[in-house]
Amino acid sequence: MRVQTYDTESVRPDLPVPLSPLDGVPEVVRRRLLGLRGPGFDHAYRASLAWAALTAGLALLGLLAPPPWRAPLLGCAALLGLYVLVRAVALPAFERGQRDFERRWLAAQSEVLRRHAFEVVRFRLVEAGGEAGARRTYDLTRPADVRAVLRRQERERWSRAGVEFVYRGAGGEGLGEVVRDLSEVVFLPGRAGRGGPWIRFPEARYLCRPGERPAERSYWTLSGPVEVGVSEPSSGGDAGSAAAFGSGSAR
């Protein structure tokens, strides 16, 4: 079964985990009878306890009520008891299916994240062993700046690179930032897109929120080396356009 994922325009730090796809009677039971419109199984189990308590209360009231009321109350308690029994059997079954779907969905959505290229809005380097917090930013759309960065990478493998990028959040655009050793940045000269330089995370993945199983939301972890598409470098010397920034540490 193909797992439906969010498209690349929806890739962001956290994503709601969808319910596993169902059709026919199982979907009617899950949605109408159990009230599940998302993977909120903890809430569904609490609702089952509330229904069970109501059933027990009606049964006790029926036993204590005088004859004209006893039969209707016990009948209602029996019907509610049947409903509670259905919930007790169906919820664990649907939960098992959701856990299996969640694992496959996280893997599929992680592949979407790894393939997605985010627009780079700023790239800066901090020289290893240099002045504390000294930064220099480079324009990766300028061939001379790209050449300067590649030269620095050859001789400063342990310098730190900070990359700010844009993602499309639920409420509009958001700004993210990652920091890597310069040796962990794979530059792809001549691969800048129409919007300029981009960054990709080949080892990134989505994980479940801690304490939520099945999870209702996921979050990304942008670990591992990164790929950065930049302009073709020039054959000249170091860039004169690189701007020096003041003190402060990269995030």
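The values are calculated or read from the model by the stated rules, or taken from the named source; none is laboratory data. Model, not experiment: these values are computed from the prediction. Glycine also receives a Cβ, built like all others from the backbone with ideal geometry; neighbour counts cover every protein chain displayed. Surface areas here come from the heavy atoms of the whole protein model, side chains and all, with no ligands, DNA or RNA. Shrake-Rupley method; radii C 1.70, N 1.55, O 1.52, S 1.80 Å.
Scanning the chain for GluC sites (Glu not before Pro) lying in DSSP loops with no more than 13 further Cβ atoms inside 10 Å, the longest uninterrupted stretch between such sites is 1-130.
Give me the percent of accessible area attributable to carbon and sulfur for the chain, probe 1.4 angstrom. All intermediate terms of the calculation are to be shown ahead of the outcome.
On the way: 7630 of 13670 Å².
Carbon and sulfur atoms account for 56 percent of the accessible area of the chain.
The loop-placed trypsin sites (Lys or Arg not before Pro) in segment 22-87, going by DSSP, that have at most 15 neighbouring Cβ atoms within 10 Å of their Cβ come out as ARG37.
Taking only the C-alpha atoms of the chain, Rg followed by Dmax gives 28.0, 100 Å. Have a look at PRO210, PRO233, PRO202 and tell me which one the Gaussian network model of the chain (Cα, springs below 10 Å) gives the largest fluctuation. It is PRO210. Looking at segment 79-172, which chymotrypsin sites (Phe, Trp or Tyr not before Pro) are in a loop (DSSP not H, G, I, E or B) and have at most 11 other Cβ atoms within 10 Å? In loop regions of segment 79-172 (DSSP not H, G, I, E or B), the sparsely surrounded chymotrypsin sites (Phe, Trp or Tyr not before Pro) are TRP158.
Roll a 1.4 Å probe over the protein chains and send me the accessible area per residue for the chain in Å². Intermediate results must be reported in sequence, preceding the final value.
On the way: 13670 Å² over 251 residues.
Value returned for the chain: 54 Å² of accessible area per residue.
Prolate is the label for segment 72-199. Its Cα gyration tensor axes, ordered a ≥ b ≥ c, give a/c of at least 1.5 and a/b above b/c.
Assuming R0 = 30 Å, what is the FRET efficiency of ASP14 and ARG191, from their Cβ-Cβ distance, to the nearest 0.05? My answer for the efficiency is 0.55. Farthest toward the positive end of the dipole of segment 177-224, out of LEU207, GLY195, LEU222, is the Cα of GLY195, where the dipole comes from beta carbon charges about the Cα centre.
On full extension of the chain, what length is gained from ALA56 through TYR219, given 0.36 nm per residue of separation minus the C-alpha to C-alpha distance? Write down the numbers at each step before the final one.
Numbers: separation 163, 0.36 × 163 = 58.68 nm, distance 4.09 nm.
The ALA56-TYR219 span can extend by a further 54.6 nm.
Assign unit charges at the C-beta atoms only (+1 for Lys and Arg, -1 for Asp and Glu), then state the dipole size of the chain relative to its Cα centre in Debye, rounded to the nearest 20. Show your work: numbers first, answer last.
Numbers: 36 positive and 28 negative charges, 105 e Å.
That gives a dipole near 500 debye.
Relative to one another, the C-alpha centroids of segment 16-91 and segment 165-213 are positioned 45 Å apart. Contact order normalised by length for segment 90-163, with contacts defined as Cα pairs under 8 Å and 6 or more residues apart; what percent is it? Relative contact order here is 30 percent.
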